[in-house]
1. Considering the convex hull of the alpha carbon atoms of the range 158-206, report its projected area averaged over all viewing directions, in nm², one decimal.
2. Roughly speaking, what is the stretch gain from residue 228 to residue 11, that is 0.36 nm per residue apart minus the C-alpha to C-alpha distance, in nm to one decimal?
3. When DSSP assigns beta bridges and you keep just the ones with both residues in the chain, what percent turn out antiparallel, to the nearest 5?
4. Find the eigenvalues of the gyration tensor of the Cα atoms of the chain, then list the square roots of 5 times those eigenvalues as equivalent ellipsoid semi-axes, largest first, in whole angstrom.
5. For the range 162-241, run through the GluC sites (Glu not before Pro) and keep only the ones in DSSP coil with at most 11 other Cβ atoms within 10 Å of their Cβ.
6. What is the Å³ per residue value for the convex hull set by the Cα atoms of the range 135-183?
7. Pick from 205, 47, 20 the residue whose mean-square fluctuation is largest in a GNM of the chain, springs joining Cα atoms under 10 Å.
8. Quick check: the distance between the Cα centres of the range 66-98 and the range 207-234, to the nearest angstrom?
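Just so you know, all these numbers are worked out from the coordinates, no wet-lab data involved. This one's a predicted model, so the numbers in the text were calculated from it and none came from an experiment. Please note: Cβ atoms are built from the backbone with ideal geometry, for glycine as well, and neighbour counts cover all protein chains shown.
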Amino acid sequence: MVDVSPFEVCQVADAGDISVSPFSIDDAVREIEARADDLTSDGARLVTIGGDHTIALPLLRSAAKKHGPLAVVHFDAHLDTWQTYFDAPVTHGTPFRRAAEEGLIDMTGSLHVGIRGPLYGKGDLSDDAQLGFSIIAAHEVERHGLAAAIDRLHERIGDRPTYVSVDIDVLDPAHAPGTGTPEAGGLTSREMLEFIRAFREHHVVGADLVEVAPAYDHAQITGIAAAHVMYELITAMASTH
Ligand SMILES: [Mn+2]
């Protein structure tokens, strides 16, 4: 374990909330991309906290403009690569399909971590594989061990510029009850923090943490997990600043 004092080696600033339209998802997505462009125009790296998974799309659009196609490591119970959701193309179930179509993702270096059933449709896994994602399923972490899973992650992303997207529902509801689509059988927060520490060896250019729903939280269980995940992410980013 390497000691890092992230706030000593990096200037870390809270840029506040991004103001977005609550009425038009298209306007909101455009506003998020524009604000991300603005916040990173001086070379700063952006990590966002809050929102649902829709926001990964404008954030990836912004990051890919600067770095080219990104290795995306997506922590989630769900694939989020549907074609549409209730016929809508831009939702929290579709961001990585849109991003793949737009060439924002380096598919040779990208993977989902923590995926678990039940799936919504029979074709979900094959559709996802066709896009080119690799998967470390939640049960594989238990079956083959955390160290083996982290080795796979290292191998997959290599030295590519990397974007880390964390849906808090990757954690088991015991560790993160405050979210909109909880699924049993998820990662523990201890496993999750170890995954995040793996990024100390990689070049993380941006990150998000989404789908925390404070109104469903109890005793700040979800908030504590989310805050620690972000702290470790910022620490990992500071390790390679
Ligand atoms: Mn998600």
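1. Projected over every direction and averaged, the Cα hull of the range 158-206 covers 3.9 nm².
2. Stretched out fully, the residue 228 to residue 11 stretch lengthens by 76.3 nm.
3. Here the share of antiparallel DSSP bridges comes out near 5 percent.
4. 23, 22, 19
5. Hits after loop and neighbour filter: nothing returned.
6. Cα convex hull per residue, to the nearest whole number: 91 Å³.
7. Of the options given, 20 has the highest mean-square fluctuation.
8. Value for the Cα centre distance between the two parts: 20 Å.
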